[in-house]
Amino acid sequence: MSSPPADRLASLERTIVDHVFELRPPYASSLGLHEYDGRLPDTSAAATTRWATRARELLRELTDLPAHELTSPRRLDRQLLQLLLEGQLFDLEESREYDRNPMSYLFQSDLTNYISRDYAPVAVRVAAIAATLEATPALFDAARARLEPVLPRPFVSLAIQIAEGLPSHFAEGEAFSQVASPQLRGRVHAAREAADAAVLRFAEWLKAERLPHADESFPLGPERFQRLLWVREGLATPVEEVLRRGRADLQRNQERLAEIARQEGLTPARLIERLNDHHPKPDEVMPLVRNMTNDIREFVRKEDLASIPEPEVCHVRETPPWARDLWTAAMSPPGPFEKPVDGIYWVTTVDRSWTPTQQESWLRTLNYGMLKNTTVHEVWPGHYLQALHFRKTEQSLARKVWFSYSFTEGWAHYCEQVALEAGFDGRSMEAEVTQLADALTRNCRLVASIGMHTQGMSVAEAARLFETEAHLERFHAEREAIRGTYNPEYFCYTLGKLAILDVRSKYLGSRFGSSLRAFHDTLLGFGMPPIGLLDPLLGAA
């Protein structure tokens with residue numbers, strides 16, 4: 001006699017999650033599952049083929065479960081597990097990340113959590129650093145064996161920059177290890193030398209063997225892009241409809257910005273230029289952001305926008321060298337299984353090696369209004385608050401390991417609008433213009449992503465889109481366009497924000513008595529689900 005469907009799903013849930021972590025051990029470690037510390041995946045074609053074969057077997061077992069015999073929450077969990085497996089298969093077999101994108105190897109050897117998070121004794125964390133560095137040469141041997149002869153140029157160019165910055169990151173790991181025993185220090189030193197040599201050989205190999213033959217073959221194409229919406233967000237919405245909604249939101253934001261500009265007697269571009277003119281000096285950025293972080297937390301409390309689970313600790317730090325080309329600011333939240341609650345708010349300050357023109361251009365993106373709005377997005381009530389709620393709420397295993405890019409970034413982007421609605425910064429003209437300017441950038445990300453991956457838009461055309469429609473300066477616009485080649489999912493900010501606004505409009509009054517705190521706490525209690533499941537989740541709440 002077979003086991004009840006609920007028992008079979010519980011067993012499958014554990015098996016599927018373990019199988020996914022076999023392919024993504026650094027992800028498991030980042031969630032706080034430290035039995036995966038120091039492990040890198042086997043990315044050889046033979047290993048990933050075996051993995052994919054087993055994943056399809058698990059998918060068949062999952063779909064054989066009679067959904068009608070499961071409770072409503074577990075039916076949703078079953079769908080999450082299905083999408084989890086389908087998403088990994090998409091990465092391996094459709095976007096083919098290990099065959100086409102050298103950056104997919106470079107992110108595996110990140111030591112940041114071991115250095116920055118006090119989750120275990122130093123010796124344990126240093127041993128994880130050593131194990132990661134020891135596994136790194138084999139990872140890059142596998143990369144050279146597997147990467148195709150002709151790769152997308154943006155992928156190769158950025159991978160070279162990241163690879164050349166990794167030795168400084170590995171040096172950070174060795175510096176951290178100096179507090180450990182002589183034996184561990186020696187192990188890390190030897191491993192770091194080998195890892196440095198391996199990553200620099202990889203960078204030189206990319207320059208010599210792949211960059212000369214690189215082309216513009218980065219687009220996913222319409223069919224794979226549509227598939228991406230499904231495996232990441234459970235959305236069957238046609239790409240054309242997603243683009244229509246994104247363009248409509250772009251137009252709304254442009255019209256409001258134009259209205260403010262008329263009131264100020266300026267063009268929208270000049271209004272944003274004036275905003276950019278008001279920026280801190282290089283040495284002022286980090287102290288300023290630390291003060292903002294504290295002030296905005298108190299604003300969230302005072303306006304009762306959402307509950308703030310305690311304890312809470314957020315550190316503001318400079319972006320690690322290896323990641324400076326990837327983000328302006330970012331939150332590294334505590335994972336759902338992590339013991340310490342510490343969040344790390346990374347801020348990319350000026351690179352002293354840049355030309356004076358580049359430095360000034362970057363500082364203009366770090367203007368006062370932008371830093372405030374970004375802190376709302378990254379910390380309060382954005383990503384860090386979201387992580388605190390995720391940790392405190394009872395979740396199934398499927399929900400604890402699921403990460404929706406659109407719900408996560410959509411929530412943080414939505415928070416920018418909510419904060420303004422609640423009177424953030426006295427609802428000043430500067431605050432609203434900053435919020436609109438950031439929204440325009442996110443709108444253009446959606447348009448550029450769909451344009452470049454499904455409609456033949458070039459990188460240069462995407463950069464012009466950011467310049468003309470979002471009023472970004474050239475240096476920033478070019479970085480945004482390039483990002484869309486390797487990260488098509490940066491459509492998620494606008495897509496997720498619109499999804500949250502949709503369910504707020506539908507349920508805030510009828511289900512939550514117009515209480516934003518009640519609505520937000522409920523929404524955050526779901527974890528980080530695909531936005532395609534938000535309506536069913538709220539309907540069942």
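The values are calculated or read from the model by the stated rules, or taken from the named source; none is laboratory data. Remember, predicted model here, so these are calculated numbers, not experimental data. Cβ: placed from backbone, ideal geometry, glycine included. Neighbour counts: every protein chain shown.
Quick notes
- Looking only at residues in the range 92-120 that are closer than 28 Å to Ala171 by Cα and among the small types (Gly, Ala, Ser), the one that is surrounded by the fewest Cβ atoms within 10 Å (Cβ to Cβ) is Ala120.
- Subset of the range 7-54 that is among the charged types (D, E, K, R) and outside any helix (DSSP H, G or I) - its residue that is farthest from Glu93 (Cα to Cα): Asp37
- Test result for Arg256, surrounded by fewer than 18 Cβ atoms within 10 Å (Cβ to Cβ), more than 30 Å from Leu275 (Cβ to Cβ) and within 29 Å of the chain's Cα centre (by Cα): no
- Leading residue by the ranking (surrounded by the fewest Cβ atoms within 10 Å (Cβ to Cβ)) among those in the range 23-82 that are acidic (Asp, Glu), within 26 Å of Ile129 (Cα to Cα) and in contact (Cβ under 8 Å) with a residue 12 or more places away in the chain: Asp42
- The requirement of being part of a helix (DSSP H, G or I), of a type outside the set (S, T, N, Q) and surrounded by fewer than 18 Cβ atoms within 10 Å (Cβ to Cβ) is fulfilled somewhere in the range 145-159, by at least one residue.
- Selection status of Thr375, under 20 Å from the mean Cα position of the chain (by Cα), in contact (Cβ under 8 Å) with a residue 60 or more places away in the chain and closer than 23 Å to Arg445 by Cα: yes
- Scanning the range 530-541 for residues that are assigned to a helix (DSSP H, G or I), touching a residue at least 60 places away in the same chain (Cβ under 8 Å) and surrounded by 18 or more Cβ atoms within 10 Å (Cβ to Cβ) yields Ile531, Gly532, Leu533, Leu534, Leu537.
- The listed residue being in a helix (DSSP H, G or I) and at pLDDT below 95, out of Leu288, Leu275, Leu250, Leu257: Leu275
- Odd one out for Tyr384 among (1) among the aromatic types (Phe, Trp, Tyr); (2) over 22 Å from Glu430 (Cα atoms); (3) at pLDDT below 95: (3)
- All conditions in (1) assigned to a loop (DSSP other than H, G, I, E, B); (2) under 18 Å from Glu298 (Cβ atoms) hold for Thr375, with the sole exception of (1).
Here's the yes/no breakdown for (1) polar (S, T, N, Q); (2) in contact with a Ser or Thr (Cβ under 8 Å, 6 or more places away or on another chain); (3) touching a residue at least 60 places away in the same chain (Cβ under 8 Å):
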{"position": "Phe225", "(1), (2), (3)": "no, yes, yes"}
{"position": "Glu264", "(1), (2), (3)": "no, no, yes"}
{"position": "Thr293", "(1), (2), (3)": "yes, yes, yes"}
{"position": "Arg301", "(1), (2), (3)": "no, no, no"}
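- Unique residue being crowded, with 21+ Cβ neighbours inside 10 Å and part of a helix (DSSP H, G or I) when the list is Leu89, Leu133: Leu133
- The set of residues in the range 194-228 that are touching a Lys or Arg at 6+ places or on another chain (Cβ under 9 Å), of a type outside the set (Ser, Thr, Tyr) and not in a helix (DSSP H, G or I) comprises Ala214, Asp215, Glu216, Phe218, Leu220.
- Boolean, Val126 is modelled with pLDDT of 95 or more and touching a Gly at 6+ places or on another chain (Cβ under 9 Å): yes
- Condition met for Thr468 (closer than 21 Å to Asp277 by Cα and of a type in the set (Ser, Thr, Tyr)): yes
- Test for Phe403: is it among the aromatic types (Phe, Trp, Tyr), under 16 Å from the mean Cα position of the chain (by Cα) and modelled with pLDDT under 95: yes
- For the range 401-513, the helices (runs of 4 or more DSSP H) that sit wholly inside it and include 3 or more residues that are among the polar types (S, T, N, Q) and crowded, with 24+ Cβ neighbours inside 10 Å are 429-454.
- Selection within the range 334-366 - aliphatic (A, V, I, L, M) and touching a Pro at 6+ places or on another chain (Cβ under 6 Å): Val341, Val350
- Being buried (at least 21 other Cβ atoms within 10 Å of the Cβ) and either in contact with a strand residue (DSSP E or B) (Cβ under 6 Å, 6 or more places away or on another chain) or among the hydrophobic types (A, V, I, L, M, F, W, C) (or both) holds for only one residue in Leu184, Leu220, Leu166, and it is Leu166.
- Residue match in the range 520-529 (condition: assigned to a helix (DSSP H, G or I), out of contact with any helix residue (DSSP H, G or I) (no Cβ under 6 Å at 6 or more places or on another chain) and of a type in the set (A, V, I, L, M, F, W, C)): yes
- Within the range 336-366, being under 22 Å from Asn294 (Cα atoms), touching a residue at least 60 places away in the same chain (Cβ under 8 Å) and not aliphatic (A, V, I, L, M) holds for Pro340, Asp342, Thr349, Thr365.
- The sole residue among Glu338, Glu318, Glu310, Glu360 that is surrounded by 17 or more Cβ atoms within 10 Å (Cβ to Cβ), of a type outside the set (Gly, Ala, Ser) and assigned by TED's automatic domain parsing to the domain that holds His279 is Glu338.
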